[in-house]
Each structure stands twice: as structure tokens, then as C-alpha cells.
1. Could you tell me how many of the residues in segment 214-270 are within 20 Å of K155 (Cβ to Cβ), away from the ligand (no atom under 14 Å from the Cβ) and β-branched (V, I, T)?
2. Any residue that is surrounded by 19 or more Cβ atoms within 10 Å (Cβ to Cβ), within 13 Å of the ligand (Cβ to nearest atom) and assigned to a loop (DSSP other than H, G, I, E, B) - is there at least one of those in segment 167-180?
3. Going through segment 46-86 one residue at a time, which ones are under 24 Å from the mean Cα position of the chain (by Cα) and on the phi > 0 side of the Ramachandran plot?
4. Is it true that P125 is in contact with a strand residue (DSSP E or B) (Cβ under 9 Å, 6 or more places away or on another chain), surrounded by fewer than 21 Cβ atoms within 10 Å (Cβ to Cβ) and part of a loop (DSSP other than H, G, I, E, B)?
5. Report, by residue number, each residue of segment 152-166 that is of a type in the set (S, T, Y) and surrounded by 24 or more Cβ atoms within 10 Å (Cβ to Cβ).
6. Conditions: (1) touching an Asp or Glu at 6+ places or on another chain (Cβ under 8 Å); (2) under 25 Å from G274 (Cα atoms). L148 meets all but one. Number of the miss?
7. Of everything in segment 183-217, what is in contact with a Leu (Cβ under 6 Å, 6 or more places away or on another chain) and among the small types (G, A, S)? Give them in sequence order.
Amino acid sequence: MRRGDRRLIRLLNGIAIALTLSWTIDCNLIGLPLAVLQAQEKSGVSVPPNKALLRVLLPKDAQLEIGGEKTQSTGEERLFLTPELEPGKTYFYVLKLINPNGFRQVRMRAVEFQAGQEVVVDLRPGKDTASSEIIFVPTSEEVVLKMLEVAKVTKDDIVYDLGCGDGRIVVLAAKKFGARGVGVDIDPDRVKEANEKVRKEGVEKLVEIRLGDALNVPDISRATVVTLYMLPEFNRKVRPILERELKPGARVVSHDFEVPDWKPDSVITVSEQGGFRDHVIYLYTIRPRGKSD
Ligand SMILES: C[S@@+](CC[C@H](N)C(=O)[O-])C[C@H]1O[C@@H](n2cnc3c(N)ncnc32)[C@H](O)[C@@H]1O
């Protein structure tokens, strides 16, 4: 490949990344108020062409947050009208359901929509198979450091933490190794905390935190290292995405939970000082297509 071609490819990559970033920012409706429709308005609602209607089905005593804001309406069916939207553009809200006494107490789902659409979101127990129930349990600093060392992270890496919590993994990767990082979390509270940590630690130039579903990260193929501290069900779902999108040589490091059906390069146990239990780190490397061992 000629030097000019390489320069062109770098330029195109840069444009693609910029487009992806602006997509993420534009389409996150966090903080924009929703209009709540009253019970008597619920039947026969027609969706205005420049807004979307969310019809949420859930247990009647469940609390619901949309886009990081607590909603006040109650009942088993709740309707919300979005602010005005640009036609043809895809937006999303994260819905967070808090079931006061229930089994599966907190669940979160990113819901996508466009202007003019009515979207039914079924969060009822037994019907909801799409929401995430994985809550924030931080990885200790000692284990984070080990994960990054095991993956041999350097300043040339781009680390994606899928389900980044308070952002500690990507922040440490940037501070200690100079790596760039993207943290994705579905919980608006975590995204806020992670952004605060990024600012406090002064790594804004290297680290980006995004709100969204980690199973739907449009530019995951940029990652040279992916870190996970997620439950087996998530790892099962993310596996084909990583197999399809990551480049050969990319490393995947998972805390405590294996990626089903992958063979780790190494499995390391960390006995934390003063911790109550051992932690396990699984390291995987993406092989060239068609090659596995
Ligand atoms: C166990 S914590 C791990 C946090 C961080 N990676 C660490 O190791 O300290 C899991 C995080 O994943 C987030 N999460 C759960 N499901 C998610 C999803 N589908 N997409 C993005 N984040 C998700 C939760 O909000 C939580 O912050």
C-alpha cells in the first residue's frame, strides 16, 4: 500500500469516528422532558409526525425512570410523548424500572425510536427478556490493574469497557498506560459518575464515556482491548459481536465470568489484600477469521 493510500484510510477512519461520536451524542435524549399522557387520553392516541410515543407496560407499583429522570405516573400502562424529533433520525432513551419489592428489582433497557413511531416497551415480569439486570459492582483497583497488565495495555491501545460503571477501568488505562478508552454504560447515574471521574483524573482527552447498551456499540471494531465484568448471559450475547467486529489480535479480558465457548489464553487468580474472595481474570485473544484452537 502506498503512503498516500494509508493517509487516505487514516483520514476516512477519522471521519467515520467523528460521525459515530456525533451520532451517539445527538441521539441521546437524556434530560429532555417527556410529556406524560393522562389515563383518559390513552385510548386512540395518534402519534404526531414530529414526536414518538412510548407505551410502557410494567407492574403497577413499579417506579420508572426515563432518560435519567424519575417519572410520576403510575399504573400498568404508561404513555409518554417525546419532545420534537428530527425526521428520519434514530433516538434512544434508557428506561430504568425499579420494582420496589419484586424479584428482578432493577432492570434497564435502551429503547430506540424515530419521529412518528409508537413503541411498545413490555417490562412485565415473564415478558421482558431484553432488559439488563446487571447492577454496578465495581472491580477493585488491584484487580483492574491486573486486568490491564494481563492484556498488556499500552498507549497504542483503545480500551472499551462494556458496562463501565464509574469508569475506573478506562480511567486507569489512560492514567497509567496512556491508552485511549471508551466506557459504555446503560445506567445514566453511572455515566454521570464516570464522567466526573474522567474530569477529576484529567483524562478527558483520552477517555470518552457513553450512555447506551453495550450490546449495541457502533464502533466496537476500533477496540484493541475489551474489558468485561458482566454476567454470563451478557457475555453469551456479546460473544458473536466481538467475534464479528474485533480485529485479530484484539484482547478481551473478563473479570470473574468466562465468555462461553471461548478458550482462554490464560486464567489468573487474584487474591486481593484484605478482600473476602479470590477474583478470576480470563484473557482471550481474537484469532484470524476461520482459525480457532
Ligand atoms: C458489574 S458492573 C462493572 C463495572 C465496571 N466495568 C467495573 O468492572 O468496575 C456492571 C455495569 O454494567 C452496566 N450494564 C449492565 N447492563 C448493561 C448493558 N446492557 N449495557 C451497558 N451497560 C450495562 C451496569 O449499569 C453496571 O454499571
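Laboratory data are not the source of any read-out in this text; all were calculated from the coordinates shown. Keep in mind that this is a model prediction, so the values were computed, not measured. Positions of Cβ are backbone-derived with ideal geometry, glycine not excepted, and every protein chain shown enters the neighbour counts.
1. 1
2. Looking for residues that are surrounded by 19 or more Cβ atoms within 10 Å (Cβ to Cβ), within 13 Å of the ligand (Cβ to nearest atom) and assigned to a loop (DSSP other than H, G, I, E, B), one finds at least one in segment 167-180, hence yes.
3. Of everything in segment 46-86, those that are under 24 Å from the mean Cα position of the chain (by Cα) and on the phi > 0 side of the Ramachandran plot turn out to be G67, G68.
4. Values: in contact with a strand residue (DSSP E or B) (Cβ under 9 Å, 6 or more places away or on another chain): no; surrounded by fewer than 21 Cβ atoms within 10 Å (Cβ to Cβ): yes; part of a loop (DSSP other than H, G, I, E, B): yes.
Taking the combined requirement at face value, the residue does not satisfy it.
5. Y160
6. Exception for L148: condition (1).
7. A214
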